[in-house]
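*Asks:* Quick one: the structure is below, and I'll ask about it shortly.
The values are calculated or read from the model by the stated rules, or taken from the named source; none is laboratory data. The shown structure was predicted, so the numbers you read here are calculated from the model rather than taken from an experiment. So basically every Cβ, Gly included, is an ideal-geometry build from the backbone, and we count neighbours across all protein chains shown.
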């Protein structure tokens, strides 16, 4: 019983059944310990794929995802996936090998200070100096990853610690997750008073709803209060897409109904959201007439970017359950008539601004394809890459559960989709898992097709190919006077041939009248399938809020010419307040 074998047994005791990794020199004792263990190890083809796969596994399940890599380049290749988990609050434990303690600090082969390198992007880091450190470190790592606002934790394991005698170590017992405190009663009273006085209230829901296991409580609150709701990218599904009071996603690519309603409301009830810049647009002009009730588990978020007139810090589920009866009782009380008129205005706007799917022409219209696919596969788990296709999925897929929407929100990491999809498929082998990718993102982790093929994972991949870095091209068209710089991907390979080389079936479609047949093929064919879809390179994502503008100043196809852009963007404000999407 050495340290590595103790670790394998302890992971099983923590409830880990699947982990994702890639072996190498300093982590070999752990890989030796996997022989005879109950752990299912998934051999990915790049360590970034391991981190994203563990990430997708955790997002789809709510459980801790685990990834493993060796020291040096193995550890550094995990960094992007760790950062993604940190920014989107995904529970992960990342285990890296390290050179022997006697060699640390000597610039040994494949020595890298991954402990220091990851400090800004983890909840906590551990560096084992002795085999006796392992019980405390492992228990704390899983407790921290799960507790409060979830996130990634790193354990760096020197090779000699893995090889050291561990026969004296106790059998591992998981530590309990930290209890989530309830909000003080006074904060409920403050929130209820603000809601009672509001004439145009609006609910603004985010990813914290799912993280706090508060989806049902959130839906009961919206139903009981009859207050219209908008959702962030990470909040999609917290309220079903077809719910009458769901105005859709807000923000840079949000719906007109959502953005205009936010700008006009007199009270924002913020539930598990953090006023991200992609949601707010120009923060100083976001919801200018609104007071704010901010409900969140993380005290650091309340008042961080927008003053909260009432801050409700604590368990979202309990907070919503406590407020719902009081708010429901107000329906026929003060301001009841004004609220009904406001609600009617919001819902009328939703009907008038509903997207259309009858695009003319013979080419494939991506929003229509995605809307049709969401209707054909309503229970699917969808893993997105980053770019225009990511926004089209957010706008047009009919999500009814936030754990069915796996998307890189805070980091916006291209290459996320394929490995996240395989992680979600391994979490639930019977689920329909669909990866929606773009031609730029797909090639960033295309090697994980080998993982999908090896483990016979029935992941369906929809590859929207416009032969360009589409979102960058759109921004260069709109805000850089059509000076297209390094966005041309017209020399893309034959993606169907690539899939075939991995033993994965594929189909190509480039006509709108072939979409139904192509979707039938993809959904009805057993095993993994790649659907290569050619779309118009000039297609843009609408609406779009320009940088340094408020959310009411949306561009749409009728206002997307250069003169309209210039009128919205004075020369002094041409420098974007947002980062150009990667």
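*Asks:* Could you list, in sequence order, the residues of region 378-387 that are on the phi < 0 side of the Ramachandran plot, in contact with a strand residue (DSSP E or B) (Cβ under 6 Å, 6 or more places away or on another chain) and part of a loop (DSSP other than H, G, I, E, B)?
*Replies:* Correct list: 380, 385.
*Asks:* Just checking, how many residues over region 241-258 are touching a strand residue (DSSP E or B) at 6+ places or on another chain (Cβ under 7 Å) and either more than 24 Å from residue 285 (Cα to Cα) or not assigned by TED's automatic domain parsing to the domain that holds residue 202 (or both)?
*Replies:* Number of matching residues: 1.
*Asks:* Going by the conditions given, is residue 348 surrounded by 14 or more Cβ atoms within 10 Å (Cβ to Cβ) and more than 16 Å from residue 249 (Cβ to Cβ)?
*Replies:* No; evaluated as a whole, the condition is false for this residue.
*Asks:* So residue 534 fits all but one of (1) buried (at least 21 other Cβ atoms within 10 Å of the Cβ); (2) touching a residue at least 60 places away in the same chain (Cβ under 8 Å); (3) in a strand (DSSP E or B); what number is the exception?
*Replies:* All conditions pass for residue 534, except number (1).
*Asks:* Okay, moving on. Please determine whether any residue of region 143-153 is within 28 Å of residue 56 (Cα to Cα), part of a strand (DSSP E or B) and assigned by TED's automatic domain parsing to the domain that holds residue 30.
*Replies:* Yes: one or more hits.
*Asks:* So, residue 519, is that one modelled with pLDDT of 95 or more, in a strand (DSSP E or B) and not assigned by TED's automatic domain parsing to the domain that holds residue 281 or not?
*Replies:* Here the answer is no, as residue 519 does not meet what is asked.
*Asks:* Got at least one residue in region 360-369 being surrounded by 18 or more Cβ atoms within 10 Å (Cβ to Cβ) and in a loop (DSSP other than H, G, I, E, B)?
*Replies:* Within region 360-369 (the criterion being surrounded by 18 or more Cβ atoms within 10 Å (Cβ to Cβ) and in a loop (DSSP other than H, G, I, E, B)), the answer is yes, since at least one residue qualifies.
*Asks:* Quick test for you: out of 410, 415, 440, pick the one residue that is within 15 Å of the chain's Cα centre (by Cα), surrounded by 23 or more Cβ atoms within 10 Å (Cβ to Cβ) and not in a strand (DSSP E or B).
*Replies:* Residue meeting the stated conditions: 415.
*Asks:* Residues in region 277-300 that are part of a helix (DSSP H, G or I) and in contact (Cβ under 8 Å) with a residue 40 or more places away in the chain: how many?
*Replies:* Number satisfying all stated conditions: 5.
*Asks:* Keeping to region 378-391, report how many residues are touching a helix residue (DSSP H, G or I) at 6+ places or on another chain (Cβ under 9 Å) and surrounded by fewer than 24 Cβ atoms within 10 Å (Cβ to Cβ).
*Replies:* 2
*Asks:* Condition check: within 30 Å of residue 476 (Cβ to Cβ) and assigned to a helix (DSSP H, G or I). Does residue 355 satisfy that?
*Replies:* no
*Asks:* Quick one: which residue in 341, 421 is assigned to a helix (DSSP H, G or I) and surrounded by fewer than 19 Cβ atoms within 10 Å (Cβ to Cβ)?
*Replies:* 341
*Asks:* Return the total of residues in region 218-264 being assigned to a helix (DSSP H, G or I) and touching a residue at least 40 places away in the same chain (Cβ under 8 Å).
*Replies:* 13
*Asks:* Then there is this: For residue 274, indicate whether it is in a loop (DSSP other than H, G, I, E, B) and surrounded by 15 or more Cβ atoms within 10 Å (Cβ to Cβ).
*Replies:* Spelling it out, residue 274 is indeed in a loop (DSSP other than H, G, I, E, B) and surrounded by 15 or more Cβ atoms within 10 Å (Cβ to Cβ).
*Asks:* Of the residues 18, 26, only one is crowded, with 19+ Cβ neighbours inside 10 Å and in contact with a strand residue (DSSP E or B) (Cβ under 6 Å, 6 or more places away or on another chain); which?
*Replies:* Among 18, 26, only 26 is crowded, with 19+ Cβ neighbours inside 10 Å and in contact with a strand residue (DSSP E or B) (Cβ under 6 Å, 6 or more places away or on another chain).
*Asks:* While we're here: Report yes if residue 167 is in contact with a helix residue (DSSP H, G or I) (Cβ under 9 Å, 6 or more places away or on another chain) and assigned to a helix (DSSP H, G or I), otherwise no.
*Replies:* When the stated conditions are applied, residue 167 does not pass them.
*Asks:* Among the residues of region 91-107, which ones are free of Cβ contacts under 8 Å to residues at least 12 places away in the same chain and crowded, with 24+ Cβ neighbours inside 10 Å?
*Replies:* Result: no residue meets the conditions.
*Asks:* Of everything in region 222-248, what is under 16 Å from the mean Cα position of the chain (by Cα) and more than 21 Å from residue 379 (Cβ to Cβ)? Give them in sequence order.
*Replies:* Once the filter is applied, which keeps residues that are under 16 Å from the mean Cα position of the chain (by Cα) and more than 21 Å from residue 379 (Cβ to Cβ), region 222-248 yields only 232.
*Asks:* Right, next: So for region 360-378 (the condition being more than 19 Å from residue 230 (Cβ to Cβ), without any contact (Cβ under 8 Å) to a residue 12 or more places away in the chain and not assigned by TED's automatic domain parsing to the domain that holds residue 530), does at least one residue qualify?
*Replies:* yes
*Asks:* Being farther than 23 Å from residue 431 by Cα and touching a strand residue (DSSP E or B) at 6+ places or on another chain (Cβ under 9 Å) is the filter; apply it to region 33-65 and report the residue that is surrounded by the fewest Cβ atoms within 10 Å (Cβ to Cβ).
*Replies:* 34
*Asks:* Taking residue 390 as the residue in question, decide whether it is under 30 Å from residue 426 (Cβ atoms) and assigned to a helix (DSSP H, G or I).
*Replies:* Yes.
*Asks:* Another question about this same structure. Listed residues 303, 281; which is surrounded by fewer than 21 Cβ atoms within 10 Å (Cβ to Cβ), at positive phi and assigned by TED's automatic domain parsing to the domain that holds residue 254?
*Replies:* That would be 303, the only listed residue that is surrounded by fewer than 21 Cβ atoms within 10 Å (Cβ to Cβ), at positive phi and assigned by TED's automatic domain parsing to the domain that holds residue 254.
*Asks:* Quick check: anything in region 132-142 within 30 Å of residue 213 (Cβ to Cβ) and free of Cβ contacts under 8 Å to residues at least 12 places away in the same chain?
*Replies:* yes
*Asks:* What's the total number of residues in region 468-492 that are closer than 17 Å to residue 535 by Cβ and either assigned to a loop (DSSP other than H, G, I, E, B) or not assigned by TED's automatic domain parsing to the domain that holds residue 450 (or both)?
*Replies:* 5
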